[in-house]
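**Q** Quick one: structure below, then a few questions.
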Amino acid sequence: MDNSSIKKIAPLSLTALIIILDQTVKAIVAANWPKPGTFISDVFNNEFLILYHVRNKAIAFSIGDNVPEPLRVILFVLVPVVVLVFLAWYYLRAAEFNQLQRWAIAGIIGGGLGNIIDRIFRKDGVVDFISIKFYGLFGLQRWPTFNVADASVVICCIILLVTMLLPNKDEPKPAKGS
């Protein structure tokens with residue numbers, strides 16, 4: 001395997017790590033606090049970070065909570081699977097990503113797959129358990145409860161966006177006067 005192939009494949013270890021971590025923590029939450037709505041812990045004893053077991057049958061921020069079940073499968077399982085397959089295909093074929101962008105895309109794929117696994121195999125919905133105080137920002141006292149997969153997708157999307165907006169130091173600069 002040549003060096004460029006290794007650089008493309010190595011970030012996929014993050015995909016696997018996120019899926020394993022996400023599913024392991026969700027299994028621990030579901031096994032030890034099986035009833036959704038169960039308080040787990042106030043981590044810092046100041047209500048900033050609370051672990052609280054909830055289930056989400058919709059997507060981010062419970063958008064689509066009232067969508068009928070057959071449509072829910074199409075919108076929340078099949079469409080994301082198609083998007084992730086396309087993203088993985090493009091990731092493997094494209095040469096224009098720098099290494100940080102490849103790691104970010106791998107994190108997005110891992111987080112996306114972590115939640116799709118829940119949507120397919122957990123009849124009560126995606127296991128969410130992290131609740132952070134948001135101090136009234138955007139009118140929210142608490143950020144909507146989330147999980148490791150959600151955090152991975154959001155953080156890696158931000159990294160990908162920032163790296164796409166900032167100039168790439170590796171690209172040759174145009175010559176003066178041209």
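**Q** Can you give the net charge of the other residues whose Cβ lies under 14 Å from the Cβ of Lys133, counting K and R as +1 and D and E as -1?
**A** So the environment of Lys133 carries a net charge of -1.
**Q** Still on this structure: With respect to the cross-link table entries Lys35/Lys57; Lys26/Lys133; Lys7/Lys57, which display a Cα-Cα separation exceeding 27 Å? Display every interim value, and only then the final one.
**A** On the way: Lys35/Lys57 15 Å; Lys26/Lys133 21 Å; Lys7/Lys57 36 Å.
Those over the limit are Lys7/Lys57.
**Q** So what is the calculated 222 nm ellipticity per residue for the chain, using -39500 (n - 2.57) for each DSSP H run with n of 4 or more, over all residues, to the nearest 500 deg cm²/dmol? Present the calculation step by step, with values, prior to reporting the outcome.
**A** On the way: 6 runs with 89 residues, N = 178.
Helix contribution divided over all residues of the chain: -16500 deg cm²/dmol.
**Q** Might you report the magnitude of the Cβ-based charge dipole of the chain about its Cα centre, with Lys and Arg at +1 and Asp and Glu at -1, to the nearest 20 debye? Intermediate results must be reported in sequence, preceding the final value.
**A** Values: 17 positive and 13 negative charges, 42 e Å.
Here the chain has a charge dipole of around 200 debye.
**Q** Obtain the radius of gyration and the Kirkwood radius of the stretch 8-165 from its C-alpha atoms and give Rg over Rh.
**A** 0.99
**Q** What is the sum of charges around Ala151, taking Lys and Arg as +1, Asp and Glu as -1, for the other residues whose C-beta is under 12 Å from the C-beta of Ala151?
**A** With Lys, Arg at +1 and Asp, Glu at -1, the net is -3.
**Q** Now for a different question. Please report, in debye to the nearest 20, how large the charge dipole of the stretch 40-117 is about its Cα centre when each Lys and Arg carries +1 at its beta carbon and each Asp and Glu carries -1 there.
**A** Values: 5 positive and 5 negative charges, 59 e Å.
Charge dipole of the stretch 40-117: 280 debye, to the nearest 20.
**Q** For helix 79-93, report the angle its Cα long axis makes with the longest principal axis of the Cα atoms of the chain; keep it between 0 and 90° and round to the nearest 10°.
**A** Taking the Cα atoms of the chain, the angle to 79-93 is about 30 degrees.
Every number here is computed from the coordinates shown, using simple stated rules; none is lab data. Just so it is clear, the structure is predicted and the values come from calculations on it, not from any experiment. FYI the Cβ positions are ideal-geometry reconstructions off the backbone, even for glycines, and counts take in every protein chain you see.
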